[in-house]
Structures are given as structure tokens and as C-alpha cells.
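A.B. asks: I'd like to ask you about the structure that follows.
The values are calculated or read from the model by the stated rules, or taken from the named source; none is laboratory data. Keep in mind the model is a prediction, meaning the values are calculated, not measured. Here the Cβ positions follow ideal geometry from the backbone for every residue, glycine too, while neighbour counts run over all protein chains shown. Accessible surface areas use protein heavy atoms only, side chains included; no ligands, DNA or RNA. Shrake-Rupley method; radii C 1.70, N 1.55, O 1.52, S 1.80 Å.
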Amino acid sequence: MNKKLFATLCILSLFSCSEKKEDATKKNQPPPPTSVDVIIAGTKAINNTIEANGAAVASEMLDIHPEISGRLTYLNVPDGANISASTILAKINDAELQAQLNKSKVQLELSLKTEERFRKLLAINGINQADYDLALNNANNIKADIEILKAQIEKTTVKAPFSGVLGLRQTSPGAYVTPQSILATLQVVNKINIDFMVPEKFANLIKKGNTVTVLTSELNTKTTATIIATQPEINATTRNLKVRAALNGNAISPGTFVKVLLAFTNKANNIVIPTNAIIPEADGKKIIVVKDGKGKFVTIETGLRTANGIEVTKGLAIGDSVVVTGVLFVRPNAAVKIKSIKKLED
């Protein structure tokens, strides 16, 4: 009985030792390569559309202010009316200025007679040169005063600087107004511009004369606009560039919210990869490139984004094998096994 028990213990011991050797062998073996799909980096033309928010603005617009203070004796600001350039919109009481002008004219008439009399006396040496010069200077001063009064009287008349549409009237006849008072607004509404903002990275793609698509709920249709100018500097707070385009076709109300679509076609030598191949990190973006059967993590810089890919501007070369599936399972410098080669369209 003891011999049988001894034999059984020996067999169990041998079996246990064999299992330990097998476990040790497995631990020393490297892990199996990770199966991945790759895409071969190649060039592709990028057709990209950027959507921006914008607003319709009148090509000409201003608030109408009087140039001097006074009481309105005449007001011609019908709400929403179309007016022509130089139309008289308002008149400020100028009775005091007119009285001063009449007084100066009387003084000028007398000073001119005095100057003429002194000139004749000077010709016969009846007076000295200094007396004549004083009379002439007095006449010239009164003439200058008259020109000043005429300019001040002209300021009492408010005229439309250009043809356009008036806004709502902001005051009434008989009101006392100052240069800070707003009588109404004036806008040119048959020529509309579209102002919108684009991110800084697209600033070099904005060119004068380019056509953009404009979407607005007011027209319920698409229309186009032509870029006419850009702000010289990029906004330091928002990192956006302000762009202005002239609306083509039917005009819309100033202030209308619009969507602007900008279509860009880059050169055909852009390297484009699927967006799911990118690993976002705090200090940048990385991808996995298969080299010598191992996964290498490479830092890249990206550019324009398309519907099924993103442009790589730095860090990737044409012909590199980029991992597109199994990205989360690949470890740095670990062995990988390529299952298949995908295309960007896949």
C-alpha cells in the first residue's frame, strides 16, 4: 500500500514540474504580434468646404446727426422713405446767425467806403500808409467774419450725403438737438455686403475675387457673393480673419444672419489619411507607422479636414504604412502583423 502511494506521489511531482517548465517557457516567449490594417500614405487633392457665420450689411450706412445745436424748425424724415443725395432733411433755427450776417454786411459796406476814401487820400498824400492799411485790414476782417457766418448757417441745414433708404425717425419738429442727437439712419439697401469670419489657418486661402455661397432664411435659396476685401490683421482674441464679400443677385435686409460656404481645392500633392488613424495627445497628434514589422509612434501636424480624411502637413512621408485599425492595441516598438492594406475610400 505504501509503495502504491509513493508511486502516485512521484507521478504527480513529475507532472507538476513539467507544467512549471511549460509556464516558464511561455513567460519567456514574446507576445504575439498585433494584427492591424494599414493604408499606404499617398497624395490626394483636397476639396474642402468651410462653413462660416456672417451677417448682411449695407454697402453705405450712417446715423444722421446735426452739425450744430439748436431747435428744429423743419424736419423731412419720413419713415422708410427713399431719398436722393442732397435732399434737405432738417433745418435748425438760424435767426441769430442771419442777424449777425446782416450786421456784418452793413459793417462791410461802411468799411469798404472808408477803404475807398482812404485810398483816394493816400494817392494825394492826404493820409499816411498806416491809416490806409488799417482801413483795408478792417474790411478784410469783416469779409472773413461773413464767410464764417455763412459756413455756420450752412451747418443749420442737414442734407442727405447719398441716395438711400431712411430708417425710423428719432425726433420731432421743434425738438432741441445737439451734434449727439440722431435724427434717423440712412442706408443703401440695393447693394449688400456679407461680413463673415474665418479661422486663422484658412487666411492664406482667402483671395480677392473668389466666389462664396450664401445661405439665408430670408431668400430660402442659395446665392453667391464675391470677396472684395479682408481685414488687414487677424483678431488677436478670436484668431479669426474678417472677410467682406459683395452679394450677387437679390438684395437682403441689412443685419440678416447668413451662412457662408467657402469651397477650397488644394494642390494634388497633399498626404491624406483617415481621421481614425490619429491618436490625440496633450502635446499634439500621433499616428502609428509600420517599419520593419514594428509599430512606430510618429508625431504629425495636420491641416484641412475632408469628409473621410485629414491632411498631414508634417511628420509623414509618401509610401509610409499607417495603421488604421487596431490602433489602441499597438504598443511602441511592438511587433505588428498586417492583415490587409486599405484604401482611403474604405
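A.B. asks: Are any residues in the stretch 256-297 open to solvent by 60 Å² or more (accessible area, probe 1.4 Å), in a loop (DSSP other than H, G, I, E, B) and farther than 26 Å from LYS342 by Cβ, and if so, which ones?
C.D. replies: Passing the criteria: ALA282, ASP283.
A.B. asks: Picking from ILE194, ILE206, which residue would you name as being within 30 Å of THR87 (Cα to Cα) and within 12 Å of the chain's Cα centre (by Cα)?
C.D. replies: ILE194
A.B. asks: Which of the residues belonging to the stretch 162-188 are surrounded by 15 or more Cβ atoms within 10 Å (Cβ to Cβ) and more than 23 Å from GLU60 (Cα to Cα)?
C.D. replies: VAL177
A.B. asks: Still on this structure: Based on this model, can you work out whether VAL57 counts as closer than 30 Å to ILE341 by Cα, open to solvent by less than 80 Å² (accessible area, probe 1.4 Å), modelled with pLDDT of 85 or more and not basic (Lys, Arg)?
C.D. replies: Working: closer than 30 Å to ILE341 by Cα: no; open to solvent by less than 80 Å² (accessible area, probe 1.4 Å): yes; modelled with pLDDT of 85 or more: yes; not basic (Lys, Arg): yes.
It is false that VAL57 is closer than 30 Å to ILE341 by Cα, open to solvent by less than 80 Å² (accessible area, probe 1.4 Å), modelled with pLDDT of 85 or more and not basic (Lys, Arg).
A.B. asks: Right, here's the next one. Which one is nearest to ALA41 (Cα to Cα) among residues in the stretch 298-317 that are open to solvent by 20 Å² or more (accessible area, probe 1.4 Å), at pLDDT below 90 and among the β-branched types (Val, Ile, Thr)?
C.D. replies: Here the residue is THR313.
A.B. asks: How many residues are of a type outside the set (D, E, K, R), under 29 Å from PHE257 (Cβ atoms) and open to solvent by 40 Å² or more (accessible area, probe 1.4 Å) if we restrict to the stretch 60-90?
C.D. replies: Looking only at that region, the number is 6.
A.B. asks: Sticking with this structure for a sec: Please find, within the stretch 189-204, the residue that is most open to solvent (accessible area, probe 1.4 Å) out of those that are touching a strand residue (DSSP E or B) at 6+ places or on another chain (Cβ under 9 Å) and assigned to a helix (DSSP H, G or I). So that I can check it myself, show each step before the final result.
C.D. replies: Taking the stretch 189-204 and keeping what is touching a strand residue (DSSP E or B) at 6+ places or on another chain (Cβ under 9 Å), we get 189-203.
After this cut, where a residue has to be assigned to a helix (DSSP H, G or I) as well, the list is 200-203.
Values: GLU200: 79, LYS201: 135, PHE202: 21, ALA203: 26 Å².
Per the stated criteria, the residue is LYS201.
A.B. asks: What about VAL212, is it part of a strand (DSSP E or B) and either of a type in the set (Lys, Arg) or under 30 Å from ASN102 (Cβ atoms) (or both)? Explain how you work it out, then say what you get.
C.D. replies: On the way: part of a strand (DSSP E or B): yes; either of a type in the set (Lys, Arg) or under 30 Å from ASN102 (Cβ atoms) (or both): no.
Answer is no for this residue.
A.B. asks: Give the residues of the stretch 238-255 that are hydroxyl-bearing (Ser, Thr, Tyr) and either within 26 Å of ARG305 (Cα to Cα) or crowded, with 19+ Cβ neighbours inside 10 Å (or both), sorted by residue number.
C.D. replies: Step one: filter the stretch 238-255 for residues hydroxyl-bearing (Ser, Thr, Tyr), giving 238, 253.
Answer for the stretch 238-255, where residues must be hydroxyl-bearing (Ser, Thr, Tyr) and either within 26 Å of ARG305 (Cα to Cα) or crowded, with 19+ Cβ neighbours inside 10 Å (or both): just THR238.
A.B. asks: Go through the stretch 318-332 and give me each residue that's open to solvent by 90 Å² or more (accessible area, probe 1.4 Å) and either within 12 Å of LYS291 (Cα to Cα) or within 41 Å of the chain's Cα centre (by Cα) (or both).
C.D. replies: Matches in the stretch 318-332: ILE318, LEU328.
A.B. asks: ILE228 versus (1) open to solvent by less than 50 Å² (accessible area, probe 1.4 Å); (2) in a strand (DSSP E or B); (3) modelled with pLDDT of 95 or more: which is the lone unmet condition?
C.D. replies: Only one criterion is unmet by ILE228, namely (1).
A.B. asks: Considering only residues that are open to solvent by 40 Å² or more (accessible area, probe 1.4 Å) and not basic (Lys, Arg), look in the stretch 149-161 and name the one that is nearest to VAL57 (Cα to Cα).
C.D. replies: For the stretch 149-161, the residue satisfying everything is PRO161.
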